[in-house]
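The values are calculated or read from the model by the stated rules, or taken from the named source; none is laboratory data. Bear in mind the structure is a predicted one, so any value in this text is a computation, not a measurement. For neighbour counting, all protein chains shown are included, and Cβ atoms are generated from backbone atoms with ideal geometry for every residue, glycine included.
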């Protein structure tokens, strides 16, 4: 007998992500992991703040940053966080198709964010000659924002893998926790971006 | 699945069994074995250092090789000897102590082990291609300018094993939060489980800072970024901050589990409940908390300014308070008890005065003004060896003697054990006590040679002699292991008159640990049952099917992939062909993740009928 | 009779003193016999903390020994079950509050002295020296005096001298244990520390931060002289003439080689701010060759021929044309007659 992970339509659980023991562990485990991620980004922010004026004669933050694009990126990512909330809402209602739909929108927005970020970096490099190697500021900027971008890429791969893999299987107690942990991770990435938007871009425009 | 069949497997099958295992007990033993191997390597390196410093202006090793020795000794001992052995104890004991059948993330746990092991192998491969030579602290710009690939090996090895350790930490936090047996409330957990929990929290919050520091160093060395490049506006002190934000808590990551081990041993061998259990738990948390607040006491001479120095000085001294609470609680545990001095207890007893000295020199170092003299001298070397050997290594030795019957069903020979203890103990004090004075007399640390006529000759000679006593002690211990394996008698299930749950499971421990989860009715649950004359645990559930995870080769394969990719990273800026290794390795590693994600793995069940057939 | 007793007493006193001193290490290197302001401040805190710590240690050891003697399991007690004490509130409060008190006793003077040692208010009216750590030597640039020295730092006794310490390459740390605690030489910023010597003497200085293969060979000296001698030394150094032609023929040849073999590209004589290599003004009065060897012609020739064998990883190796033994000899002759000051370390003390 293999364990039965399928949803029983007679007796639906309030939150399919937290029925199994493994599901609960995953959820707590990801929260714990995010604690470590917080320190990771805190260290990167500290490094960035220490080096943001070390331009060594290269372009400075005031010269290169433009708010329009970054604002669009912020909107994309914030909206994608919201759509993932809808997706989880539908998961709790055991509506697999709607969940997939909203996660699909999330992925679409996330990829849009990535495209913007790639354009932004390319713009800095070609138009200003501002690279990873220009100055300590350059290194710190690309590392901090790049680490966030890397997290977005991981999140996107995770989400797309989940959606493709489960497209035919539907929702069950085995994969519900996976969707749920993804959503939690995605919110975290969104929060980090809010900090980047404030600390890197807004503060970088002003000072 | 019958347990007896496990005895008749061939070598290949056993190897496969260990490569694919997700059983925390096996992983624990592998951690300890690998850690012991690296401990021997680190020990040999330390002997080379001491031989070089036996007489003034010696040329036993060259200056460059000497710097490689000190770097490898420090890195190996901390990351690849002490930490994995302690993680091994956690794996072996904690799930049993809290009454769990398994850990929360068995797959991740296995992955963490393999990452550590291959990190250690990668680091030691550098002996063939040129080892790191900038000290285990790897301060830039020395580390960024270090020629060859030594520092690249350092970076990648620690990045690999650091990721593994982080996984281990997360695993234990979740295990302890969600998998305690019925009735095992937090305040009934054995102290070793508590220190494991707090240590895991420290790992979680400390390692990412180091991960970032290593990335910065890696980017500077491999991809020409400018974090530590002064000409491009870089700032080398950032490394020192990030490094010590990690490395100070790291000291507590090492010492807290040792505190846990001693707490178990003092209690068992005094036949008394741990004195002041609540304050012990509280003190553990306080030490961990303060441990994050004091990193800059490693940087008093960096020029952070007097305000910073004053704050960090006072913070550092404050750690003496919870540590003092612990010492006095251990003394009070012995007070009024019935003390049996087994080898495990002997190591624990030796720990008290040794660690007290180490703790006190710690407070002395915290006094910033005096630290302007102590900093980076042999006084510091003496201090941290009193803490790390007198605390951590003694703890490891005590733990090995204490849990050996649990792991290997044999009791280590007591005579050989005591001989090893005395050799090591005398050697330890001989080696390190005099180093306090060497430092004060003007000998900075990491000195390849010291000059004649500077009053440092005698102290260094004594120290070297002591090192050989320690080596002799270690050799006797190895002989003891072999002797016990060959001639030792089978250990009973509960050889020490234990108090905690790991002594309540049959010997050998079934892979599912508990046939029925126990009902815990208080601190020291086994002791409570003994006192009430049951001698057996009360079951918290009827006999039922047991769900267990499947073994998997994926953690091993993934690690090999990342290992190959690391070699690619190390060599890509010199040989473009290394990109092949980089991308190939990453493909294997990420491929492993994808396979793991796409495949359903529901584990399996041990049938109730099978369990009924097992004899206790 | 009485005088003999006196002699015995004197002898005993002398014996004990020398024993204590031997235990303290070399007189002009150890931090345990402070002869400067910073070292004394550190020493006082050291002693205060040591006394407190020894007290704590004794308490621990007494309880520990008593527990071991009184409560060890004796024959026939194998089945004895001691009382399972949970704790004792009063005791626990006691051993929490006493350490807090002790820590406070130590913390207050520590904080006071930290601020005291960082006090820079007198810097502008004092002697200021820029100290630069290099792999593996030290450069001292006397602000406003047009004097540069390497390896030997001359300071007047009884005055606060402000050192502005930085590094030209990797992190070093400036340490003269008998005079003062250390300060790091960082590549990205300048750290300021003052030192004040109480007595005339030649004090050993060491690099205290791992800086490469020859980290242990980066020694230097602080030569503390009376204010009058210091004045004279300053005047002598300012009068040093780099163009001066030596009297002897060998040394003259050495001077020519010094110029033609590109020594002069890195090493200045006089106050030129060239700091690629050590400044060689007043070389005859250096305390050491390369920071660690006695000043003899043999040692200097050995250094000139193969610096790598003396200081592994130094930046001189390979950066000058190969010298024959004769050429090295001539250059050594030239350098060893660069006697620019009458204030010699030998007249100050031993090292």
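Taking the criterion of being more than 7 Å from chain B (Cβ to nearest Cβ) and touching a helix residue (DSSP H, G or I) at 6+ places or on another chain (Cβ under 7 Å), the only residue of segment C:51-67 that qualifies is C:52. Flag set for residue C:287, criterion: in contact with a strand residue (DSSP E or B) (Cβ under 7 Å, 6 or more places away or on another chain) and within 14 Å of another protein chain (Cβ to nearest Cβ).
The residues of segment B:335-345 that are in a helix (DSSP H, G or I) and surrounded by 23 or more Cβ atoms within 10 Å (Cβ to Cβ), listed by number, are B:343, B:344. Scanning segment B:272-287 for residues that are surrounded by fewer than 23 Cβ atoms within 10 Å (Cβ to Cβ) and over 20 Å from residue B:255 (Cβ atoms) returns B:273, B:278.
Conditions tested, residue by residue: (1) facing chain C (nearest Cβ under 7 Å); (2) more than 27 Å from residue C:82 (Cβ to Cβ); (3) crowded, with 24+ Cβ neighbours inside 10 Å.
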{"position": "B:303", "(1), (2), (3)": "yes, yes, no"}
{"position": "B:307", "(1), (2), (3)": "no, yes, no"}
{"position": "B:314", "(1), (2), (3)": "yes, yes, no"}
{"position": "B:333", "(1), (2), (3)": "no, no, yes"}
{"position": "B:373", "(1), (2), (3)": "yes, yes, yes"}
{"position": "B:379", "(1), (2), (3)": "no, yes, yes"}
{"position": "B:384", "(1), (2), (3)": "no, yes, no"}
{"position": "B:399", "(1), (2), (3)": "no, no, yes"}
{"position": "B:409", "(1), (2), (3)": "no, yes, no"}
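Considering B:354, B:338, B:342, which residue is out of contact with any strand residue (DSSP E or B) (no Cβ under 7 Å at 6 or more places or on another chain), facing another protein chain (nearest Cβ under 7 Å) and either more than 29 Å from residue C:166 (Cβ to Cβ) or modelled with pLDDT of 95 or more (or both)? Explain how you work it out, then say what you get.
Numbers: B:354 fails: facing another protein chain (nearest Cβ under 7 Å); B:342 fails: facing another protein chain (nearest Cβ under 7 Å).
Among B:354, B:338, B:342, only B:338 is out of contact with any strand residue (DSSP E or B) (no Cβ under 7 Å at 6 or more places or on another chain), facing another protein chain (nearest Cβ under 7 Å) and either more than 29 Å from residue C:166 (Cβ to Cβ) or modelled with pLDDT of 95 or more (or both).
Kindly establish whether residue C:327 is more than 22 Å from the chain's Cα centre (by Cα) and either buried (at least 22 other Cβ atoms within 10 Å of the Cβ) or free of Cβ contacts under 8 Å to residues at least 24 places away in the same chain (or both). Can you show your working first?
On the way: more than 22 Å from the chain's Cα centre (by Cα): yes; either buried (at least 22 other Cβ atoms within 10 Å of the Cβ) or free of Cβ contacts under 8 Å to residues at least 24 places away in the same chain (or both): no.
Taking the combined requirement at face value, the residue does not satisfy it.
A count restricted to segment B:450-492 and to residues that are within 14 Å of another protein chain (Cβ to nearest Cβ), surrounded by fewer than 19 Cβ atoms within 10 Å (Cβ to Cβ) and under 22 Å from residue B:43 (Cα atoms) stands at 1. Annotation for segment C:165-175: no member residue is in a strand (DSSP E or B), more than 7 Å from chain B (Cβ to nearest Cβ), touching a residue at least 60 places away in the same chain (Cβ under 8 Å) and in contact with a strand residue (DSSP E or B) (Cβ under 7 Å, 6 or more places away or on another chain). Determine, yes or no, whether residue C:117 is at the interface with chain B (Cβ under 7 Å from one of its Cβ atoms) and under 20 Å from residue C:222 (Cβ atoms). In short, yes. Considering segment A:32-65, the residues that are modelled with pLDDT of 95 or more and more than 9 Å from chain B (Cβ to nearest Cβ) include one that is nearest to residue A:125 (Cα to Cα), namely A:48.
Per the listing C:121, C:178, C:132, the residue uniquely surrounded by fewer than 19 Cβ atoms within 10 Å (Cβ to Cβ) and farther than 20 Å from residue C:344 by Cα is C:121.
Within segment B:185-240, track down each residue that is more than 10 Å from chain A (Cβ to nearest Cβ), under 25 Å from residue B:146 (Cβ atoms) and in a loop (DSSP other than H, G, I, E, B).
Step one: of segment B:185-240, the residues more than 10 Å from chain A (Cβ to nearest Cβ) are B:185-199, B:202, B:214, B:217-218, B:221-222, B:236, B:240.
Among the residues that remain, those that are also under 25 Å from residue B:146 (Cβ atoms) are: B:214, B:217-218, B:221-222, B:236, B:240.
Matches in segment B:185-240: B:236 only.
Flag not set for residue A:43, criterion: in a helix (DSSP H, G or I), touching a residue at least 60 places away in the same chain (Cβ under 8 Å) and within 30 Å of residue A:138 (Cα to Cα). Being assigned to a loop (DSSP other than H, G, I, E, B), under 34 Å from the mean Cα position of the chain (by Cα) and closer than 23 Å to residue B:106 by Cα, is that true of even one residue in segment B:561-579? Within segment B:561-579 (the criterion being assigned to a loop (DSSP other than H, G, I, E, B), under 34 Å from the mean Cα position of the chain (by Cα) and closer than 23 Å to residue B:106 by Cα), the answer is no, since none of the residues qualifies. With respect to (1) within 14 Å of another protein chain (Cβ to nearest Cβ); (2) out of contact with any strand residue (DSSP E or B) (no Cβ under 8 Å at 6 or more places or on another chain), the lone exception for residue C:186 is condition (2).
Here is a yes/no grid of residues against (1) closer than 16 Å to residue C:251 by Cβ; (2) surrounded by fewer than 17 Cβ atoms within 10 Å (Cβ to Cβ):
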site	(1), (2)
C:293	no, no
C:308	no, yes
C:318	no, yes
C:332	yes, no
C:336	yes, no
C:340	yes, no
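Cβ-Cβ contacts under 6 Å between residues 6 or more apart (or on different chains), taken from a first residue in segment C:71-94 that is touching a residue at least 60 places away in the same chain (Cβ under 8 Å) and within 7 Å of chain B (Cβ to nearest Cβ) to a second residue that is loosely packed, with under 10 Cβ neighbours inside 10 Å and in a loop (DSSP other than H, G, I, E, B), are absent.
When you look at residue B:265, is it touching a residue at least 40 places away in the same chain (Cβ under 8 Å), within 30 Å of residue C:209 (Cα to Cα) and touching a helix residue (DSSP H, G or I) at 6+ places or on another chain (Cβ under 7 Å), yes or no? Walk me through it before giving the result.
On the way: touching a residue at least 40 places away in the same chain (Cβ under 8 Å): yes; within 30 Å of residue C:209 (Cα to Cα): no; touching a helix residue (DSSP H, G or I) at 6+ places or on another chain (Cβ under 7 Å): yes.
No: the conditions fail for residue B:265.
For segment B:253-282, how many residues are within 12 Å of chain C (Cβ to nearest Cβ) and in a helix (DSSP H, G or I)? Final tally of qualifying residues: 9. Where helices (runs of 4 or more DSSP H) fall entirely within segment B:385-503, those with at least 2 residues that are over 25 Å from the mean Cα position of the chain (by Cα) are at B:414-440, B:457-487. Taking the stated definitions as given, is residue C:246 touching a helix residue (DSSP H, G or I) at 6+ places or on another chain (Cβ under 6 Å), farther than 30 Å from residue B:71 by Cα, assigned to a loop (DSSP other than H, G, I, E, B) and touching a residue at least 24 places away in the same chain (Cβ under 8 Å)? Taking the combined requirement at face value, the residue satisfies it. Residues in segment B:43-61 that are in contact with a helix residue (DSSP H, G or I) (Cβ under 9 Å, 6 or more places away or on another chain) and assigned to a loop (DSSP other than H, G, I, E, B): B:53, B:54, B:55, B:56, B:58, B:59, B:60, B:61.
Comparison of C:277, C:313 shows that the only residue that is in contact with a helix residue (DSSP H, G or I) (Cβ under 7 Å, 6 or more places away or on another chain) and not assigned by TED's automatic domain parsing to the domain that holds residue C:135 is C:313. Within segment A:122-140, restricting attention to residues that are touching a helix residue (DSSP H, G or I) at 6+ places or on another chain (Cβ under 7 Å) and part of a helix (DSSP H, G or I), the residue that is surrounded by the fewest Cβ atoms within 10 Å (Cβ to Cβ) is A:128.
For residue C:104, state whether it is under 26 Å from residue B:524 (Cβ atoms), more than 7 Å from chain B (Cβ to nearest Cβ) and either in a helix (DSSP H, G or I) or touching a strand residue (DSSP E or B) at 6+ places or on another chain (Cβ under 6 Å) (or both). I'd like the intermediate steps shown before the answer.
On the way: under 26 Å from residue B:524 (Cβ atoms): no; more than 7 Å from chain B (Cβ to nearest Cβ): yes; either in a helix (DSSP H, G or I) or touching a strand residue (DSSP E or B) at 6+ places or on another chain (Cβ under 6 Å) (or both): yes.
No, not satisfied.
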